[in-house]
Amino acid sequence: MKHFISYTILIISGYLIFSSHLLQNINKIGQNIITSEDTIKIKKDTFSNKLPEGYPYITNFSFSKQKKIKSVCTDSIGIMIFTDNTGLTFFDGETEKHLKIESSPNVIKKDKILNRFYIACNKGYGYLLKDNTGNYVYHSISEKLYDKQSYNHIIVTSDNVVFSGKYKIVNYDLKTKKLSDIYNDNTKAVTGIFKLNDKLYINLTDEGLQTVSDKKKSSIISDSLFANSEILFSVPYEKNIILGMSNNQLYIFDGTNYSPYDNKASDYIKESIINTGAEINNKQFVVTSFNGGAIILDKKTGNTESILNYRTGLPDDEIFAAGTDHSGGLWLAHEYGISRIAFDIPIKNFDRFPGLQGNINAVKFYDSTLYVATGEGLFRLSEIKNYEEVEIAENKQVKYRKKVQSDQKNAYSDNSVDKKTSSTDEEEKGETDNNDNFFKRWKKRKNKKNKETSEDLQNNKPKNNPRKTTYKTEYKTITEYKKIYELHSVKYVYKKVDGINSKCKNFTDFKSGILISSNSGLFFLKNNNTIDIIPNAYIYNVSCTQKSDIFYVSTSEGLYKIIFLNGIFEKELIYGNSIKETVLKSIFTVSDSVLWASGNHKIFLLKILGNDILSTEQFDIKTDFDEKIIISKKADKFIFLTGSKAFYYDKKYNKLSEDNELTDILSESDNIYLLNDTVFSINSGSNVLYGNNLSDSLYQIKYAWIFNQIKKLTIDDKNNIWLISGENEIFKIEQTSNQIKKKFKLFLTNIKDFNGNSLTKTSYLKLKSNYNRITVFLSAPGYLKKEFVSYFYGIDVSSNNEFITTRNPYFPITKLSPGKHVLSIYAVNSLNEKSETLKVIIQVTPPIWQTTWFIIAVFLIFLIIVSLGLSAFFRKKQQKIKEYNEILELKVKERTSEIEKQNQLIQNQNLEIYEQYKKIDYQNKEITGSIRYAGKIQRAALSDTGIYSKYVSEFFILYKPRDIVSGDFYWISESKNKLLIAAVDCTGHGVPGGFLSMLGISFLNEIVKEIGKTHEKILAADILNELRKKIITTLSTHGEEERKDGMDMSLAIIDKENMQLNFAGANNPSYILRDAKIAKIEADRMPVGSNKKLNDIPFKNKYLTLKTNDCIYLFSDGFADQFGGKFLKKFNSRRFREMLLHIHSHPMAKQEEMVDKILDKWKGNSEQIDDILLIGIKI
């Protein structure tokens, strides 16, 4: 009974489980039903928010000549080596070098211990090794045996190397250098070879998998799978091995048994025609195909890490070969060259997922979802839950056969596509034996898929057409529409966000959501829901502060203030006359009520209260056009950047000042990248000239500079950098916990002489003197972009400025001077990584004529020849000297008597000259004495300065004649209770000037007395007029021409009672100083003397009201005309005025002392060129 109850419960439980499972399957089937009415209806999409890994960064390289690469390898310094039908290609990312091998290499493998490469060819095999010049040389191992077998597999171990062909396997012992056959049978083809746990396994047609030891075979697996299939590749996995078979499936083999390798890409691999595979690292391997690109799998889990094909960045889906480099990069060869997939850098691509439309303007990673703003709207990247839901478009490049007839009326349409043309068939027939199975499988699958298309073409073929038909093969890009389940490689698609249909331009973080700026308004997105904040307006800029509920938006309608309150956005249009006519293109929020804005060549500092502008500070900036100004901040400093100038806000003086340092940096830059409101980078190419708030945590930004064109850079909340390239691509530069610190290295690969011969590659180079030039070849392997490296070199350089820059990895060195030179070389890549500096010592031997022994020998020979010549010369000379001496003795006697007579005559003449000198000296003393006495008389005739004290408080007279007698004089008098003062400069100086000055003094005294008696007023102009008449009368003589003798003078009459100055001047002005200001009292431009044109023109009176402490200065031109100073120039009138301004505040006695010192200092050692007179009067 107990057993019955137990069985009953077990049966009921099983029924319930089975029923629920069946019900679930029925529901799923019901859900997956797709109805159709002539068209397919796609079910409602189901998406989840999860960011995919992204596609790796791919660099595509093409070669100078099209080639089919069969194998990929890398050498010890990172240079890639590729095999093709003609030989080997060496490639370092910049240059390619070809080594021709007539035996046509198929496969290359590296022996890491001996650092050599083994090559299997269509005719034999061999190895590759560098010679002493650094060039690779191919050495054939099989040529002595005349082996014409085609080999396509190599296994390298520490003791031997195994070369496998279609019907033959050969072992090469590395110690004995001997060859031995492992397998040789023309009836059973080798369809695979690998090594596992030190055992060699071979797969034979019709026999299956065998082990080979001492030329003996042992069958392991003989079923139809191995007997009828080919092992395309093998990848080690722990103690087992993963095998890729020609039936398009993967298996795992433990040495005895095999089983299907469980992986998530089995359907994808079955749909493809796999041809090879390779290990990437201990965790991953790659499977390549002829029609589906490549797929990267995790060894342990079988998960698909990445799918690489035409859609994800490869130029073609047909892959010929795969391999890796030292950095972990994966290389895939195809028809258009080769591509490198960079697993060694933290860059992932995100634009290659299907569904994205329009030009990309901004990206934002928010809420585990990637949002993309494009010209077509807003898109988000989402994971597809149901593979049957989405239909996508995929572009493919295909061959097609165009039918050409003499009459084109019945020709096929250009759109007819035949993926297998006759020309393609011919190409396939020319392929080597080892690829026959690949192309047979490929052709069989393509013919099967194109059967329906071929039948349609046959049905459309025109009947009874006798015209001759020819075919032309062309390429064309077609669009195929497929469902995702057909591709099996797409897990994510871009889905357009509903409600935003116009161009989106930017994202701004706000309150756990994002603000989206578009051409048709401002939107807010949170939890996949969008809110329309400002509809139907063009959005220029959005600015907000952290944790604030207020932000500002500049639009085509004006400036908006947005307030977020209780989950609702309230908008207010800001009013203010200062910005009424200005379109604000940039804004920067300082606080809820303070805002920076720019537009129309102006920058505004706005203070806002409510929706009104409380105050505005406006700053004008001169720019060539109304460009958008970047507003940013560093610490408390606000920065404003135009395309060519930088400014900062000086808070102390409330003005914008130019930042000269940043302006200089902008002049050298070509781009400004704004990562957020306060982080920006100013670049010249990949060189960062200035980084604002660029922290060390953003070390990965260096990878951004590998892109030639960058539209935009942004940072997400995890410090990942998102980049939009100029080619409309999206890349994520990840912030990884471990920085990739691989050294960037530079290598010297070759040095060639002027004949193109390679020299021994070493750090010490010895050159002969007759060399014309050498060429140095470099390599700095770098594969992230083309033109990745810049090279710098210099001979005997002492600073970085002396280095020469070149993009070419080679440069010539022309003729150097004999001696020792140091060649310094370093390289810098686009990541701004600098290599170590290579040093090459170049010793140039001097030519024979510059060697020490040659110079000594020539010098000794020269000394001997000179000695012999001098000896002969002196012997002959001595004989002639003896003869000359005899003749000279006779002539000396004759000349001696003549000289004695001449000496007597000279003595007599000297006595006569001495007597004349004494007479002249006596006369000179007499004349000088007379002049000195005349000088005393002149000084005595000068006016008494005691008169001054009655009218002025202080005065001084600086009187410095050039000679004993002066042509300048001063005159002082009083009349009618007024003081008369004159400073007079007579024509000439010395005795002539002295005579004229005596006349002037006499005439002035006489004129003042006459005017005092006959005139009611005494005026300065009247005195000058009368003086001129007397001078003309006195100096004129009948019958003689008019004389130009006369005087320049300034005459001042001071009326102390009325505090008035009356002035008249003849060519000489005067100065008056009052309240530290100087004024010039102009003189008439005519002398006191004869001048026919001016004699009848009277002098004019000038009047000036005086004040206490006024200083009046009268002078001659001697002071201003005095030469001196550092450059021996005139003192001039400007310095004279500055001097008066400088001294006028001092007492008059002190002024005289100061003026005298200034004159002496200015004159220095120069001679006085004229009489000097200066009169100073203080009222």
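The values are calculated or read from the model by the stated rules, or taken from the named source; none is laboratory data. Bear in mind that the values here come from a model prediction, so they are computed numbers and not experimental data. Because the Cβ atoms are built from the backbone with ideal geometry, glycine has one as well, and the counts that use them run over all protein chains shown.
Counting only residues that are within 32 Å of the chain's Cα centre (by Cα) and surrounded by 12 or more Cβ atoms within 10 Å (Cβ to Cβ), give me the strands (runs of 3 or more DSSP E) lying completely in segment 742-833 with at least 3 of them.
In segment 742-833, 747-752, 773-779, 789-795, 810-814, 819-829 are the strands (runs of 3 or more DSSP E) which contain 3 or more residues that are within 32 Å of the chain's Cα centre (by Cα) and surrounded by 12 or more Cβ atoms within 10 Å (Cβ to Cβ).
Do we find that TYR703 is in a helix (DSSP H, G or I) and at pLDDT 85 or above in this structure?
yes
Only one residue in SER686, SER725, SER695 is without any contact (Cβ under 8 Å) to a residue 12 or more places away in the chain and either more than 17 Å from ASN349 (Cα to Cα) or small (Gly, Ala, Ser) (or both), so which one is that?
SER695
Among the numbered criteria (1) in contact with an Asp or Glu (Cβ under 8 Å, 6 or more places away or on another chain); (2) closer than 21 Å to PHE285 by Cα; (3) without any contact (Cβ under 8 Å) to a residue 24 or more places away in the chain, which one does SER219 miss?
(2)
Rundown of residues vs (1) touching a strand residue (DSSP E or B) at 6+ places or on another chain (Cβ under 7 Å); (2) within 30 Å of ILE721 (Cα to Cα); (3) surrounded by 18 or more Cβ atoms within 10 Å (Cβ to Cβ); (4) hydrophobic (A, V, I, L, M, F, W, C), yes/no style:
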{"site": "LEU595", "(1), (2), (3), (4)": "yes, yes, yes, yes"}
{"site": "HIS601", "(1), (2), (3), (4)": "yes, no, no, no"}
{"site": "ASP620", "(1), (2), (3), (4)": "yes, no, no, no"}
{"site": "THR623", "(1), (2), (3), (4)": "no, no, no, no"}
{"site": "ILE629", "(1), (2), (3), (4)": "yes, yes, yes, yes"}
{"site": "SER667", "(1), (2), (3), (4)": "no, yes, no, no"}
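Looking only at strands (runs of 3 or more DSSP E) that fall completely inside segment 1046-1142, which ones have 1 or more residues that are in the same structural domain as LYS1157 (by TED's automatic domain parsing) and among the polar types (S, T, N, Q)? First the steps, then the outcome.
Values: elements: 1046-1055, 1060-1066, 1070-1074, 1077-1081, 1102-1105, 1111-1115.
Passing ranges, in order: 1046-1055, 1060-1066, 1070-1074, 1102-1105.
Out of segment 841-855, which residues are within 29 Å of VAL797 (Cβ to Cβ) and over 44 Å from the mean Cα position of the chain (by Cα)? Break it down into steps so the answer makes sense when it comes.
Taking segment 841-855 first, the residues within 29 Å of VAL797 (Cβ to Cβ) are 841-847, 850-852.
Selection gives PRO847, GLN850, THR851, THR852.
Out of curiosity, is CYS73 more than 22 Å from ILE751 (Cα to Cα), surrounded by 15 or more Cβ atoms within 10 Å (Cβ to Cβ) and without any contact (Cβ under 8 Å) to a residue 60 or more places away in the chain?
No: the conditions fail for CYS73.
For residues that are within 22 Å of TYR690 (Cβ to Cβ) and in contact (Cβ under 8 Å) with a residue 24 or more places away in the chain, tally how many sit in segment 600-641.
Residues in segment 600-641 being within 22 Å of TYR690 (Cβ to Cβ) and in contact (Cβ under 8 Å) with a residue 24 or more places away in the chain: 13 in total.
Quick check on LYS561: is it basic (Lys, Arg) and closer than 23 Å to PHE365 by Cα? Explain how you work it out, then say what you get.
Details: basic (Lys, Arg): yes; closer than 23 Å to PHE365 by Cα: no.
Judged against the criteria, LYS561 is not a match.
I'd like to verify a number: residues in segment 239-289 that are acidic (Asp, Glu) and at pLDDT 90 or above, how many?
So in segment 239-289, the residues acidic (Asp, Glu) come out as 254, 262, 267, 271, 279.
Retained after the next criterion (residues that are at pLDDT 90 or above): 254, 262, 279.
Qualifying residue count, segment 239-289: 3.
With the condition being under 60 Å from the mean Cα position of the chain (by Cα) and surrounded by 10 or more Cβ atoms within 10 Å (Cβ to Cβ), I'd like the strands (runs of 3 or more DSSP E) fully within segment 906-994 carrying at least 3 qualifying residues. Show your work before the answer.
Working: elements: 954-960, 968-975, 978-986.
Counting at least 3 such residues, we get no strands (runs of 3 or more DSSP E) at all.
Test ALA1021 against the stated conditions and say whether it is surrounded by 17 or more Cβ atoms within 10 Å (Cβ to Cβ) and either part of a strand (DSSP E or B) or in contact (Cβ under 8 Å) with a residue 12 or more places away in the chain (or both).
In short, yes.
Tell me, please, whether a residue that is in a loop (DSSP other than H, G, I, E, B), outside the structural domain of GLU729 (by TED's automatic domain parsing) and under 39 Å from the mean Cα position of the chain (by Cα) can be found in segment 257-276.
No, that holds for no residue.
For segment 273-311, name all the residues that are surrounded by fewer than 20 Cβ atoms within 10 Å (Cβ to Cβ) and farther than 23 Å from ASN247 by Cα.
If the condition is that a residue be surrounded by fewer than 20 Cβ atoms within 10 Å (Cβ to Cβ) and farther than 23 Å from ASN247 by Cα, then ASN281, ASN282, LYS283, TYR310 are the ones that fit.
Take the residues in segment 326-337 that are in a loop (DSSP other than H, G, I, E, B) and small (Gly, Ala, Ser), then tell me which one is surrounded by the most Cβ atoms within 10 Å (Cβ to Cβ).
That would be GLY329.
Which of the strands (runs of 3 or more DSSP E) found entirely inside segment 160-202 contain at least 3 residues meeting this: over 58 Å from the mean Cα position of the chain (by Cα) and not hydroxyl-bearing (Ser, Thr, Tyr)?
Result: 179-184.
Among ASN171, ASN132, which is closer than 29 Å to HIS326 by Cα, polar (S, T, N, Q) and surrounded by fewer than 18 Cβ atoms within 10 Å (Cβ to Cβ)?
Being closer than 29 Å to HIS326 by Cα, polar (S, T, N, Q) and surrounded by fewer than 18 Cβ atoms within 10 Å (Cβ to Cβ) holds for just one of ASN171, ASN132, which is ASN132.
Got a number for residues in segment 553-567 being out of contact with any Lys or Arg (no Cβ under 6 Å at 6 or more places or on another chain) and under 25 Å from THR582 (Cβ atoms)?
Number of matching residues: 9.
Please determine, by comparing only the residues of segment 338-370 that are assigned to a strand (DSSP E or B), polar (S, T, N, Q) and under 17 Å from LYS496 (Cβ atoms), which one is farthest from the chain's Cα centre (by Cα). I'd like the intermediate steps shown before the answer.
Going residue by residue through segment 338-370, those that are assigned to a strand (DSSP E or B) are 338-342, 347-349, 360-366, 369-370.
Next, from what is left, pick out any that are polar (S, T, N, Q): 339, 349, 361, 369.
Now drop any that are not under 17 Å from LYS496 (Cβ atoms), which leaves 361, 369.
Numbers: ASN361: 25, THR369: 35 Å.
Here the answer is THR369.
Quick one: would you say ASP254 is of a type in the set (D, E, K, R), over 52 Å from the mean Cα position of the chain (by Cα) and not assigned by TED's automatic domain parsing to the domain that holds ASN152?
Yes.
In the set THR775, THR760, THR714, which member is touching a Pro at 6+ places or on another chain (Cβ under 8 Å) and on the phi < 0 side of the Ramachandran plot?
From the options THR775, THR760, THR714, the qualifying one is THR775.
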